[in-house]
Amino acid sequence: MVTAVDIVFRRYGDDDKLAVETFRCTTPGERWTKPPQRVIRCAPQEIRDGADARLVVAEEQAGRIVGVVVFGPNEHRWYIHAIGVVRDRRRQGIGERLKITALAEIAAVAGGRQNVFSEVHKNNLAMLGLNDKLNVLRAPDPENRAHFISAIAVTPAGP
């Protein structure tokens, strides 16, 4: 796997609004890639409207945002809502680093052990493989057979 050494992972800022609202991570012919893109594109407005969502962006040295993760508390538990990486930067570890960054931030701010949940489409082999690598538990979603519900426990680092 090629690694993305030219990428900076940082929190979303107001200057990123346009780039995130126009972010493209869909794959032609794979309809299941559209909902995560929609979540990413809507996140800046939802934050402005008061949603407790957090974003981390992956930015190339040239300033282009090539990956985004949206996460936050959802109904009294932490949830990773969407992860997206632009097509020309896939298979470089960007999605993995976005997920690990989100999990680390959740562990730091949540104040104790937390279970972090997400949904993964059954055809998203890259994320299913990453989740297996991270020992994320998964079970079929009882309400949507095309998805798995995934969960991983995170704990803040000790003093």
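Computed from the coordinates by the stated procedures, all read-outs in this text should not be read as laboratory data. These numbers were taken from a predicted model, which means no experiment stands behind them. With ideal geometry, Cβ positions are generated from the backbone for all residues, glycine too; neighbour counts draw on all protein chains shown.
Each residue of region 127-137 in order: what ³J(HN,Hα) in whole Hz does its phi give by Karplus 6.51 cos²θ - 1.76 cosθ + 1.60, θ = phi - 60°, with x for Gly and Pro?
Listing the rounded values in order: 6, 4, x, 4, 4, 4, 4, 8, 6, 7, 7 Hz.
Show that you can apply the helix-only estimate: for the chain, add -39,500 (n - 2.57) for every DSSP H stretch of four or more residues, divide by all residues, and state [θ] at 222 nm to the nearest 500.
Theoretical 222 nm ellipticity from helices: -9000 deg cm²/dmol.
Report the extension gain between A153 and D132 in nm, rounded to one decimal, defined as 0.36 nm multiplied by the number of residues separating them, less their alpha carbon distance.
That pair, A153 and D132, stretches by 6.2 nm at full extension.
Check cross-link reach from K17 to the lysines: straight Cα distance under 26 Å, and skip same-chain residues fewer than eight apart.
In chain and number order, the partners are K34, K99.
Just want the answer: with Cβ charges of +1 for Lys and Arg and -1 for Asp and Glu, which residue in G111, V56, P28 is farthest toward the dipole's positive end in the chain?
In the chain, that residue is P28.
What Rg and what Dmax come out for the chain when only alpha-carbon atoms are used, in angstroms?
15.0, 48
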